[in-house]
Amino acid sequence: MNLEKVNNVYFIGIGGIGMSALARYFLSANKNVAGYDKTESNNTEALRVLGAVIHFKDDVNMISNQFLDNGNTLVVYTPAISENHSELQYFKNHQFNVHKRSTVLGLITENSICLAVAGTHGKTTTTSILGHLMSDCGVEMTAFLGGISENYNSNLIQRGGKVTVVEADEFDRSFLTLSPDMACITSMDADHLDIYGDVATMQKTFFDYADKTKSNGFVFIKDGLRIPFTKNGITYGQFGINTGSYRSENVRVENGFFVFDFKSCIENIDNIEITLAGKHNVENATAAIAVAQQLGIKGDDIKKSLATFKGIKRRFERVFEEGNVVYIDDYAHHPSELKVAIEAAKMLFPNSRITGIFQPHLFSRTNDFVDGFATELDELDEVILMDIYPARELPMKGVTSEIIFDKMKNSEKVMVTKSTLMEELKGRDIEVLLTLGAGDIDTFVLKIKNWLSEK
């Protein structure tokens, strides 16, 4: 399929973080862009400002005639959309070019050097760091991010087409549409078991992804992960903290920032400073540096660029900081993500009381990892637990936030609904506050910030 000859692009689920990055890309290429989403969001509003036409009702009659020309319209949909969606069914039944987001991303990357970052955790931060490094160092590149970069206020970075950086999504096996020149795997923790069924099947898909790397390409894998390669010619490198062929050592906190020394066979770089909190983000930066070095970017340039990286919205984002009060928002929705976010907060604020608000995401994930959620939330000084955000799922019998609540040993815990959250907060003396979750907990961020500002 020749994307250059397509004039109209219609997105079903246009407000999703990955979908909106693609929409931005086609808008920048002067394509006509329209789409549907279930709800309005910051992403849909930003796209509207750029020229996209968006509606919020599943209704073919709301689609402009311009986008009902099957010979001149590409239809892109997210796997989060039900196959019964009436607009999706209409396009499929009327011989339109209908593709998942991942397929279109694969088409875009075909004629460039493709750098793909996968992992159940860490891929968004690693991709964003790598995109910023290359952009800041003058590489002709485009980066599709799984979050909003604070540096660019966007999930798309465009500086040319020689190199493409993409976040390779394991959900629905989407990353198997890519054939990267360099692939990176940051983690393979159990997740999306509602899709894969078991851990072995999920990990096998990561093996398949690594094997999609082009011959004579590079694969960078977090130290400790074991990937059985079947393709000859792939160069294999490990990254990590204190271990691996690309590693970071002497990790410390100086003046409120994480600082570390990077070691590799290409070039050592000492005293690298990053604004991101937590050892896990040092590890993410290590992966990005390894890829950047392989592209020929020099150590001094890497060091300067990393110092200017501001982070990603909802990845340990410091929303409010005044006096002795700090408010941080994080996307953490898996026990391992809770662990690193809470550890980072405790490391940065060792003498402060840490209050966490957690909204579980998906009934299936809550059921699969209830023990892990309880264990990690117990590390907080105070826990405010919200109802489960269902996303794409129907309720599961017996699965509510209460099953986490009952397993927690922390006595400083309370359950709330969305309607009672703010009232619960207003009765507390906050020192360090974390909001955690991948659902609609982000709709409370501004409310909480304003409340803290007015105290």
Original post:
Checking Thr400 against (1) touching a helix residue (DSSP H, G or I) at 6+ places or on another chain (Cβ under 7 Å); (2) assigned to a loop (DSSP other than H, G, I, E, B), which single condition isn't satisfied?
Top reply: (1)
Original post:
Going through the stretch 105-115 one residue at a time, which ones are of a type outside the set (D, E, K, R) and either in a loop (DSSP other than H, G, I, E, B) or modelled with pLDDT under 95 (or both)?
Top reply: Leu105, Gly106, Leu107, Ile108, Thr109, Asn111, Ser112
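Matching residues to (1) assigned to a strand (DSSP E or B); (2) modelled with pLDDT of 90 or more; (3) of a type in the set (Lys, Arg); (4) under 16 Å from the mean Cα position of the chain (by Cα):
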site: Val139; (1), (2), (3), (4): no, yes, no, no
site: Thr142; (1), (2), (3), (4): yes, yes, no, no
site: Leu145; (1), (2), (3), (4): yes, yes, no, yes
site: Asn155; (1), (2), (3), (4): yes, yes, no, yes
site: Thr164; (1), (2), (3), (4): yes, yes, no, no
site: Phe175; (1), (2), (3), (4): no, no, no, yes
Original post:
Do we have Thr126 as closer than 28 Å to Glu317 by Cα, part of a helix (DSSP H, G or I) and in contact with a helix residue (DSSP H, G or I) (Cβ under 7 Å, 6 or more places away or on another chain) here?
Top reply: yes
Subject >> the stretch 115-135 residues that are in the same structural domain as Lys222 (by TED's automatic domain parsing) and surrounded by 24 or more Cβ atoms within 10 Å (Cβ to Cβ), paired with ones that are basic (Lys, Arg) and in a helix (DSSP H, G or I) (beta carbon under 9 Å, 6 or more apart) >> reply: Val117/Lys123
**OP:** Could you please find all residues in the stretch 227-247 being at pLDDT 80 or above and in a loop (DSSP other than H, G, I, E, B)?
**Re:** Ile234, Asn242, Thr243, Gly244, Ser245
**OP:** Could you tell me which numbered condition Glu376 fails, if it satisfies all but one of (1) surrounded by fewer than 20 Cβ atoms within 10 Å (Cβ to Cβ); (2) not in a loop (DSSP other than H, G, I, E, B)?
**Re:** (1)
Subject >> Scan of the stretch 282-314 for residues that are under 26 Å from Ala332 (Cβ atoms) and of a type in the set (A, V, I, L, M), ordered by number >> reply: Val282, Ala285, Ala287, Ala288, Ile289, Ala290, Val291, Leu306, Ala307, Ile312
Original post:
Within the group Asp198, Asp181, Asp223, Asp191, which residue is modelled with pLDDT under 80 and closer than 24 Å to Ile129 by Cα?
Top reply: Asp191
Original post:
Within the stretch 419-448, how many residues turn out to be loosely packed, with under 15 Cβ neighbours inside 10 Å and within 28 Å of the chain's Cα centre (by Cα)?
Top reply: 5
Original post:
Can you tell which of Asn42, Asn97 is among the polar types (S, T, N, Q) and either within 30 Å of Ala438 (Cα to Cα) or buried (at least 21 other Cβ atoms within 10 Å of the Cβ) (or both)?
Top reply: Asn42
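The values are calculated or read from the model by the stated rules, or taken from the named source; none is laboratory data. This structure is a prediction, so every number in the text was calculated from the model and none was measured. Positions of Cβ are backbone-derived with ideal geometry, glycine not excepted, and every protein chain shown enters the neighbour counts.
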